[in-house]
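Worksheet: one structure, shown below.
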Amino acid sequence: MRNGRFEPVILGTGSACGKAILVGEHFVVWGGTALAVPLTGARCDVKLSIAPAPRTEILFPEFPADERMRKAARLAARAFLGRRARRIEIELASNLPAGAGLGASAAFSVALLRAFSVALETGDEDVIAQKALDLERIFHGHPSGIDSTTIAYEAPCYVKTGDRFVGRARGAKGPLAGFIDLAPGGLFLLADSGERHDTAVAVSAVGRMAETAAGRRTIEKLTQVSETIALQTATALRQGDWPYVGSMMTENHYLLAALGVSTERLETLRRAAVGAGALGAKLTGAGAGGFLLALTTPSGAARIRRALCAAGTPRIIEQTTG
Ligand code: MEV
C-alpha cells in the first residue's frame, strides 16, 4: 500500500524471434558488415508479473536462469522501474537452443524488454532495440548489435561497425544499422550440429589471433573480403539472385573457417547440403558448433533435408525469404 492506496500486481508478456546471420559474422566485430534475417518460428516468450515489495527481488520460478540472465533481468528492471522496489517473477518458454548461434540471448533480452514495455505501457521498438544491445553486453561483452537489431525489429537487417568500433575509440558512435530487402522465393534450411558454444568465448578466441601483428593483418584482410561479400549479397538478396547469394554464403564460410570457428560436424553437414544441391552453405553466428545455414529454393528442399538428416542432424529449422 502506498499513500493509502493498494498498488496492483501488473502483468506483461513479450515474444521475440531468433536470427540467422547470412554473411559477415565475426568480421562485423572487426569493423565489417553483417546481414541477418529473423527466424520467425523459433521464439522466446516471456511472462512477467511485477508486484510491490519492500526490496527488489527477481525470480525465475521454473527456469534454471544463469547469472548472466539474472543480471540482464536486473538491468531491464532498472531501465523500466528506476529505483522502485518490486518483486518480479519471470516465466520463460523458448524453442530457441542456447549457444547455437541463433540469437537465444538477444531473443530473451528483447522478449523481456517487450514484457516490461507492455506491463508499464511505455517504450517503443527503438527503445527496445537500444536497451537490448545494453543487455547483450552482459552476455557477450562487446556485441556488434547484429543480433539485437534483427531480433528487436523482427526484420532483415544489416549492421556495419567500422574502424572506430574496433578501436573502441572514446566517444565512438554506435554501429550503423538498417533494413535490407529480400525478394521472395528463397528458402533457408538450418541444421543443428548438436554442438554448443559460448559466443563470448568464440569471439575472444578470434580476438587472440589479433594479438600478433601477422594475425591482425590476416583478420584485416579477411574483413575486407567479407565486406565485399556483404555488399554483393545485399544486392543479390534484393534481386532474388539465389545462386549468387548461395555462392557468397559459401565464400563467407571459407573466411570463417580460416578464422578457426568451423568444426568437423559443421563441415560434414555442409558437404551433405552442398552435395544434395544447396546453392550455398555456411556456419552461422559465432560458429564452434551451432547450426549450419543452407540456401535453396522450395523445389530443392526435400533432397537437402534428407541429406542433412542422413548426415545426423537432430533438427532442421526453415525460414523463407520475402
Ligand atoms: C554472434 O551472433 C555474431 C558475432 O559476430 C558476434 C557479434 O556480432 O556480436 C560472432
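Some points to look at:
- In segment 199-225, of all residues being closer than 20 Å to residue 158 by Cα and of a type in the set (Ser, Thr, Tyr), the one that is surrounded by the most Cβ atoms within 10 Å (Cβ to Cβ) corresponds to 199.
- Sole residue being more than 18 Å from the chain's Cα centre (by Cα) and within 16 Å of the ligand (Cβ to nearest atom), chosen from 223, 268: 223
- When segment 85-97 is filtered for residues that are part of a loop (DSSP other than H, G, I, E, B) and either of a type in the set (S, T, N, Q) or within 12 Å of the ligand (Cβ to nearest atom) (or both), only 95 remains.
- Residues being assigned to a helix (DSSP H, G or I), within 10 Å of residue 193 (Cα to Cα) and out of contact with any Phe, Trp or Tyr (no Cβ under 9 Å at 6 or more places or on another chain) - total across segment 256-269: 4
- Test: residue in segment 27-43 that is of a type outside the set (Asp, Glu) and in a loop (DSSP other than H, G, I, E, B): yes
- Residue 47 being assigned to a strand (DSSP E or B) and surrounded by fewer than 24 Cβ atoms within 10 Å (Cβ to Cβ): yes
- Count - residues of segment 226-247 that are away from the ligand (no atom under 16 Å from the Cβ) and either among the basic types (Lys, Arg) or open to solvent by less than 30 Å² (accessible area, probe 1.4 Å) (or both): 8
- For beta carbons closer than 7 Å, sequence separation of 6+ or different chains, a first residue in segment 92-117 that is at positive phi and a second that is not in a loop (DSSP other than H, G, I, E, B), the qualifying pairs are 101/291; 103/18; 103/19; 103/147; 103/151.
- Hits in segment 270-322 (condition: farther than 21 Å from residue 17 by Cβ, among the aliphatic types (A, V, I, L, M) and part of a strand (DSSP E or B)): 281
- Subset of segment 50-68 that is part of a strand (DSSP E or B) and in contact (Cβ under 8 Å) with a residue 40 or more places away in the chain - its residue that is nearest to the ligand (Cβ to nearest atom): 50
- Matching option when the condition is modelled with pLDDT of 95 or more, touching a helix residue (DSSP H, G or I) at 6+ places or on another chain (Cβ under 8 Å), surrounded by 18 or more Cβ atoms within 10 Å (Cβ to Cβ) and hydrophobic (A, V, I, L, M, F, W, C), among 256, 292, 266: 292
Matching residues to (1) touching an Asp or Glu at 6+ places or on another chain (Cβ under 6 Å); (2) without any contact (Cβ under 8 Å) to a residue 12 or more places away in the chain; (3) under 26 Å from residue 99 (Cα atoms):
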| residue | (1), (2), (3) |
| --- | --- |
| 216 | no, yes, no |
| 229 | yes, no, yes |
| 237 | no, no, no |
| 241 | no, yes, no |
| 259 | no, no, yes |
| 262 | no, no, yes |
| 280 | no, no, yes |
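The values are calculated or read from the model by the stated rules, or taken from the named source; none is laboratory data. From a predicted model like this one, the values you see are computed outputs, not experimental measurements. Glycine also receives a Cβ, built like all others from the backbone with ideal geometry; neighbour counts cover every protein chain displayed. Please note that ligands, DNA and RNA were not included when accessible areas were found on the heavy atoms of the full protein model with its side chains. Shrake-Rupley method; radii C 1.70, N 1.55, O 1.52, S 1.80 Å.
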